[in-house]
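First up is the structure itself, then whatever we jot down about it.
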Amino acid sequence: MFQHVQPYAGDPIFALVDAFHADPRPQKVNLSIGIYFDEQGRLPVLPSVQLAEQRILAEGGPKPYLAMEGDAAARREVAALLLGRDHAAIAAGRVATIQTVGSSGGLKVGADFLKAWLPGSAVWVSDPTWDNHRSMFEGSGFQVNPYPYYDAKTGGVRFDDLLATMRSLPQRSIVLLHACCHNPTGVDLSRAQWDALIPVLRERELLPYLDLAYQGFGDGIVEDAYAVRALANAGLTFFVANSFSKSMSVYGERCGALSAVCADKAEADLVMGQLRFTVRRLYSSPAIHAAKIVSHVLADADLRPLWEAELAAMRERIAAMRRALHARLVTLLPGRDFNYFLTQRGMFSYTGLSAAQVDRLREEHAVYLIRSGRICVAGLNNDNVGRTAEAMAAVIGTPG
Ligand code: KET
């Protein structure tokens with residue numbers, strides 16, 4: 001029956017994490033997956049989340065199925081986090097938010113919804129992007145194409161080429177955009193570039209689909225929602241999938257959401273109905289514990305500021321590690337430009353290292369990063385940043 005099934009090569013990111021754990025070398029460094037580790041190299045349990053969980057346990061209560069769209073309080077808090085509590089789009093009922101199984105669940109529900117209701121559209125993703133974007137949308141039956149994004153020569157965005165491509169797309173094309181902290185490059189659109197892009201999205205009648213997996217890791221919770229709010233303020237219809245995996249350090253709890261910001265309440269109600277049906281036939285309803293974590297942390301007068309401070313501390317530690325890596329590399333390889341470590345935002349830096357150099361880092365120095373040359377800066381700490389810089393300098397400075 002299944003002898004024709006093709007072997008699965010494994011996911012490049014998860015497979016690398018497995019290889020890291022299997023590596024017996026004590027000095028190994030994990031810069032592979034997009035997970036925040038603290039200064040001790042541990043996955044933190046945020047006190048805000050821990051307190052929320054203590055309260056959830058104390059409240060007790062039964063565990064019914066949630067509605068297909070998830071928990072009402074969590075959904076309300078998510079919309080407020082994305083747009084601001086008093087945003088006119090929320091007041092007008094233009095926002096349909098569902099709680100999802102991580103933001104991956106949200107991206108997938110959105111993809112299936114779009115295949116049903118914009119069946120003739122293709123999906124456009126940044127070149128490069130998170131590999132799973134392509135897999136997810138292809139899995140929903142879409143053709144997935146790249147649009148110009150990262151400029152390897154300047155380390156910036158090929159913004160003119162990006163705009164020219166957007167101008168050439170058929171109406172109703174689906175354009176996946178990283179709202180902040182671009183994965184894998186760490187290179188974001190500036191506010192001015194978002195402001196220039198939005199009229200093109202509108203004129204061409206494109207559907208922006210924002211992925212906001214790292215809210216709070218760029219410049220701040222509100223700052224990182226700039227794109228979401230600018231699109232909503234401009235009256236565009238768009239999707240946004242957002243995640244709490246990283247921002248609350250709750251990866252395995254699968255806390256995420258999908259929001260459709262629509263033209264009016266009538267449209268939002270229609271979209272909500274079909275999102276519910278999409279969920280029903282994918283996984284029926286989301287997890288109750290995930291909803292409670294999100295609603296407690298976001299809505300509680302004590303827990304909310306605590307969480308915001310914890311998130312700020314994670315952001316600042318990553319920024320400090322960017323500076324530390326940069327400082328060591330410019331000392332080791334004077335005359336080379338490592339400024340990109342300082343300007344790139346969020347968890348990731350795109351190092352420009354070749355796949356061969358990445359292999360040498362892993363094999364000769366036990367430093368693990370994915371083969372695109374992306375590093376997760378949050379895997380650095382004061383103990384390993386020095387030897388990481390030395391290893392990088394060794395493979396950059398000595399050919400093959
Ligand atoms: N979007 C982006 C851009 C992203 O980097 C991730 C995870 C997700 C969505 C999924 O998040 P979640 O809400 O947990 O479903 N990225 C890291 C982990 C992974 O590959 O799954 C990574 O790139 O390493």
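The values are calculated or read from the model by the stated rules, or taken from the named source; none is laboratory data. Because the structure is a prediction, the values reported are computed rather than measured. Every residue, glycine as well, gets a Cβ built from its backbone with ideal geometry; the counts of neighbours run over all protein chains shown.
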- Counting residues that are away from the ligand (no atom under 16 Å from the Cβ) and in contact (Cβ under 8 Å) with a residue 24 or more places away in the chain, which helices (runs of 4 or more DSSP H) fully inside region 1-101 reach at least 2? 47-59, 72-83
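Checking the condition touching a residue at least 24 places away in the same chain (Cβ under 8 Å) and within 24 Å of the chain's Cα centre (by Cα), which residue from A309, A290, A319 passes? Before you say what the answer is, go through the steps one by one.
Values: A309 fails: touching a residue at least 24 places away in the same chain (Cβ under 8 Å); A319 fails: touching a residue at least 24 places away in the same chain (Cβ under 8 Å).
A290 is the lone residue from the list that is touching a residue at least 24 places away in the same chain (Cβ under 8 Å) and within 24 Å of the chain's Cα centre (by Cα).
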- List every residue pair whose Cβ atoms sit under 7 Å apart, with the two residues 6 or more apart in sequence or on different chains, where the first one lies in region 104-118 and is in contact (Cβ under 8 Å) with a residue 40 or more places away in the chain and assigned to a helix (DSSP H, G or I) and the second, anywhere, is of a type in the set (G, A, S) and away from the ligand (no atom under 16 Å from the Cβ). L114/S121
- Within region 191-220, the residues that are closer than 23 Å to E308 by Cβ, within 15 Å of the ligand (Cβ to nearest atom) and touching a residue at least 60 places away in the same chain (Cβ under 8 Å) are D211, L212, A213, Y214, Q215, G216, F217, G218
- Query: Among the residues of region 337-361, how many are under 15 Å from N30 (Cβ atoms) and more than 16 Å from the ligand (Cβ to nearest atom)?
  - Reply: 1
- Task: Return the only residue of T97, T165, T129, T154 being of a type outside the set (A, V, I, L, M) and at pLDDT below 95.
- Result: T154
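Given the residues G252, G256, which is the only one that is surrounded by fewer than 23 Cβ atoms within 10 Å (Cβ to Cβ) and either under 21 Å from the mean Cα position of the chain (by Cα) or more than 16 Å from the ligand (Cβ to nearest atom) (or both)? First the steps, then the outcome.
Values: G256 fails: surrounded by fewer than 23 Cβ atoms within 10 Å (Cβ to Cβ).
Within the list G252, G256, the selection yields G252.
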- Task: Can you run down the residue pairs with Cβ atoms below 6 Å, 6 or more apart or on separate chains, where the first is in region 231-244 and in contact (Cβ under 8 Å) with a residue 40 or more places away in the chain and the partner is part of a loop (DSSP other than H, G, I, E, B)?
- Result: S243/A213; F244/V250
